[in-house]
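Participant: Shown below is the structure under consideration.
Coordinate-derived values only; no laboratory data. Not measured: the values here are computed from a predicted model. Here the Cβ positions follow ideal geometry from the backbone for every residue, glycine too, while neighbour counts run over all protein chains shown.
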Amino acid sequence: MEYKNRYGVDGVMIGRASIGYPWIFREVKHFVATGELLAPPTLEERVAACQMHFDRSIEWKGPKVGIFEMRRHYAHYFRGLEGAKAWRTSLVNAETPADVLEILAEIAASEAVLVG
């Protein structure tokens with residue numbers, strides 16, 4: 001809103017902020033409509049989005065390439081959560097779809113909270 005009010009712009013570009021954080025769109029829409037910040041996505045929402053992205057990656061690229069290409073996205077999905085570094089390391093080292101899904105289930109079952 002500051003740029004709209006101060007500079008009269010019609011819009012702003014979000015771009016890379018949406019990679020691994022698709023909730024940015026609902027947060028921006030909510031802020032523009034209400035002027036209030038929206039709560040960040042829940043752990044369950046983060047895991048569900050990551051799993052859907054992973055599933056689509058495997059469907060499109062196959063297991064080997066799909067797993068490999070997802071490695072760069074895990075940090076985005078779980079940024080700011082306690083334990084994120086250990087989970088990211090486990091996910092990056094996972095070699096099969098079953099391994100990835102097991103780790104995602106562990107994350108979902110945890111009681112991790114946002115830190116910082």
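Participant: May I ask you to list the residues of segment 57-72 whose amide nitrogen lies under 16 Å from a point 7 Å from Cα along the Cα→beta-carbon direction of residue 110?
Facilitator: none
Participant: What angle do you read, to the nearest 10 degrees and between 0 and 90, between the alpha-carbon axis of helix 97-109 and the longest principal axis of the chain?
Facilitator: 60
Participant: When the helix-only estimate is applied to the chain (DSSP H runs of n ≥ 4, each -39,500 (n - 2.57), divided by the residue count), what is the mean residue ellipticity at 222 nm, nearest 500 deg cm²/dmol?
Facilitator: Using -39500 (n - 2.57) per qualifying helix, the result is -18500 deg cm²/dmol.
Participant: Taking other Cβ within 10 Å of each residue's Cβ, how do 111, 45, 59 sort, fewest first? Walk me through the numbers before you get to the answer.
Facilitator: Working: 111 7, 45 13, 59 10.
Lowest to highest Cβ neighbour count: 111, 59, 45.
Participant: In a Gaussian network model over the chain where Cα atoms closer than 10 Å are linked, find which of 76, 30, 53 has the largest mean-square fluctuation.
Facilitator: Highest fluctuation of the listed residues: 30.
Participant: What residue among 56, 88, 46 shows peak mean-square fluctuation when the chain is described by a Gaussian network model with Cα springs under 10 Å?
Facilitator: Of 56, 88, 46, the Gaussian network model singles out 56 as fluctuating most.
Participant: Something else: Where does helix 43-61 land angle-wise versus the long Cα axis of the chain, in degrees 0 to 90, nearest 10?
Facilitator: It works out to around 60 degrees.
Participant: Counting pairwise Cα distances across the chain, what percent come out greater than 21 angstrom? Please list the in-between numbers first.
Facilitator: Working: 2934 of 6670 pairs.
Considering the chain, 44 percent of its Cα-Cα pairs are separated by more than 21 Å.
Participant: Rank the residues 60, 87 as a footprinting-exposure proxy: fewest other Cβ atoms within 10 Å of their Cβ go first.
Facilitator: Arranged by neighbour count, lowest to highest, 60, 87 become 60, 87.
Participant: Taking square-rooted eigenvalues a ≥ b ≥ c of the alpha carbon gyration tensor, is segment 43-109 rounded, prolate or oblate, where a/c under 1.5 means rounded and, failing that, a/b exceeding b/c means prolate?
Facilitator: It is prolate, given that a/c is not under 1.5 and a/b is the larger ratio.
Participant: Check residue 81: other-chain or 5+ apart residues with amide H under 5 Å from its amide H, H built from backbone geometry?
Facilitator: 115
Participant: Right, another one. Return P(r) of segment 1-42 (all Cα-Cα pairs; 10 Å bins starting at 0; whole %; ordered from short to long distances).
Facilitator: Computed distribution, short to long bins: 26, 53, 20, 1.
Participant: Between 32, 47, 100, find the one with the highest GNM mean-square fluctuation for the chain; connect C-alpha pairs within less than 10 Å.
Facilitator: Of the options given, 32 has the highest mean-square fluctuation.
Participant: Then there's this: Of 74, 21, 7, how do they rank once you tally other Cβ atoms within 10 Å and put the fewest first?
Facilitator: So the residues, fewest neighbours to most, are 7, 21, 74.
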